[in-house]
Amino acid sequence: MLTASMRRLVSLSAFLTCTIFGSWLLAGGETPASEPKTTTSARVVKEGNDDILHLYTALDTNEAKIYIRAFEEETGIQVRWVRLSAGEVLVRIRSERLNPQVALWFGGPSPEFIVAKNEGLLAPYAPRINFEPPPGTFDEEHYWTGFYFGAIGFASNTEILERKGILPPTSWYDLLKPEFKDEISVAYAYTSGTANTLLAAIVQMMGEEAGFNYIAQLDRNVHHYNRSGSACVTQVGFGEVAVGIAFSHDIVKKGPAKGYPVVLSFPKEGTGFEIGAMALVKDGQNQATAKRFMDWALSVQAQNLMQKWFRTPLNPGAEVAQGAVTADKVELIEFDSIWAANHRQRLVERWREVTAQ
C-alpha cells in the first residue's frame, strides 16, 4: 500500500516524465563488506590546500572517477574513496558508527539510505540548489538527497538469443522459460542495491508469497550471482550468459555503448526503479567539504557528466544522453521505497533461504 508521501509522488508522475528523470523511490542490499583498497585520484591537488574528502561510493568504479576527478579539478580538494556495493556501504558505515572513516556516502538506491537514517548513521543537510526537486527525490528531513533516476531492465546477448532462436525477454515470466536455464546472471540481494531493488519490486508487484515463489523459480535459471549489480552486463557482453538484470544506464554503458552484442529490454508488467542518493555520514570528519561536494553534484556542470554513463540526472537543466532511459520511456510500478527500506532485512533473509545463497 502506498504511503501518503508516495501518493503525492504519483500525482507528480506527469511532471517527472516531462522533465528528465522519474517518479517515486526504490530499494537496496547487504552482507559483510570486503576490504577494498582506498583510492585517490591521480590528479594533483592545488598547492597548499590541505582539504581532503573521504567517501564511499556505490557507483561503478570507472563512473565514480568521472565525477571525483572533475570535482578535484574544479575545487582543488583531494578525494580519497572506496567503491563498495550499496549494501556493503551500509554495513561498513554501520560497523564504523563509533569511529566514522568517511564524511560522505555517494550513490546507491534510496532505501539503503532510509535504513541508514533510521539507524542514526546519517547527518542532515539540504544542498544548495537553484531548482525545486519533486517530493520523493529527497528525504523530507534532508538526511539523504537524490541526484539521479534509474530503471531496472534486462540485458540480453543478441548472438546467444539468435543461436537459441528466442527473442529478448519482455516479461518477468519470460525469464522462467526453460530456454533460459543457466543463462541468467544477477547480483546478491544482500550486497547489491540493484538486486535489492529487484527483490522489493517483485514482492510489491506480485505479493510476498507469489513473489518469493517467482524468486525460487527464477533461481533455477540463474547461472551465478554477483556482488555488484552491474557485473552481469559485462558477463552478458562477453557471452558468459544470455541475460542479466540490471539498471538501464549500466546496461547501455557497458553493453551497446562499448560495442558488445547487448540489447536492452523491459518487462511489460512494469519494473522497479531507483532514486539514487547521497548523504552525509554522521560524525564524519570534514563535513564542510562533503557538503560542498553535494552542492556540486547537483550542479548543471556535474550532472551533465552523467551523459558519459547514460544516467538520468535530477537537475532539470542538465543534458540527457541519447539512449538514456527516462521515466516516460518505460512502464514503472508504484514502487514504495519506504516500505522497501522498512522490510529490507526480512526480505533479504527470506531471499537467502529461497536461493540458499
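Every residue, every condition in (1) part of a loop (DSSP other than H, G, I, E, B); (2) under 22 Å from Gln307 (Cα atoms); (3) aromatic (Phe, Trp, Tyr); (4) at pLDDT 95 or above, yes or no:
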position	(1), (2), (3), (4)
Ile66	no, yes, no, yes
Phe71	no, yes, yes, yes
Arg80	no, no, no, yes
Val89	no, no, no, yes
Val115	no, no, no, yes
Log entry, pairs with first residue in the stretch 162-186 being under 13 Å from Leu218 (Cα atoms), second being acidic (Asp, Glu), beta carbons closer than 8 Å, six or more apart or on different chains, reads Ser171/Glu269; Trp172/Glu269; Phe180/Asp174; Ser185/Glu240
Checked Ala189, Ala201 against criteria (of a type outside the set (Phe, Trp, Tyr), under 30 Å from Leu104 (Cβ atoms), not in a loop (DSSP other than H, G, I, E, B) and not assigned by TED's automatic domain parsing to the domain that holds Ala126); the one match is Ala201
Has the stretch 30-38 got any residue that is modelled with pLDDT under 95 and of a type in the set (Val, Ile, Thr)? yes
Residues being touching a Phe, Trp or Tyr at 6+ places or on another chain (Cβ under 9 Å) and charged (D, E, K, R) - total across the stretch 196-218: 0
Taking the stretch 282-311, which residues are in contact with a helix residue (DSSP H, G or I) (Cβ under 8 Å, 6 or more places away or on another chain) and outside any helix (DSSP H, G or I)? Gly284, Phe310, Arg311
Would you point out which residue out of Glu119, Glu132, Glu141, Glu162 is surrounded by fewer than 17 Cβ atoms within 10 Å (Cβ to Cβ), within 18 Å of Val236 (Cα to Cα) and not hydroxyl-bearing (Ser, Thr, Tyr)? Glu162
Hey, could you check the stretch 90-116 for residues that are polar (S, T, N, Q) and within 19 Å of Ala288 (Cα to Cα) and say which is surrounded by the most Cβ atoms within 10 Å (Cβ to Cβ)? Gln101
Across (1) at pLDDT 95 or above; (2) assigned to a helix (DSSP H, G or I); (3) over 18 Å from the mean Cα position of the chain (by Cα), Asp328 clears everything bar (1)
Any residue that is in contact with an Asp or Glu (Cβ under 8 Å, 6 or more places away or on another chain), surrounded by fewer than 18 Cβ atoms within 10 Å (Cβ to Cβ), acidic (Asp, Glu) and under 20 Å from Thr197 (Cβ atoms) - is there at least one of those in the stretch 343-350? no
Residues satisfying the stated conditions in the stretch 319-340, i.e. farther than 17 Å from Asp250 by Cα, surrounded by 22 or more Cβ atoms within 10 Å (Cβ to Cβ) and touching a Leu at 6+ places or on another chain (Cβ under 9 Å): Phe335, Asp336, Ser337, Ala340
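The values are calculated or read from the model by the stated rules, or taken from the named source; none is laboratory data. Since the model is a prediction, treat every value here as computed from it, not as a measurement. Note that we place each Cβ from the backbone using ideal geometry, even for glycine, and neighbour counts take in every protein chain shown.
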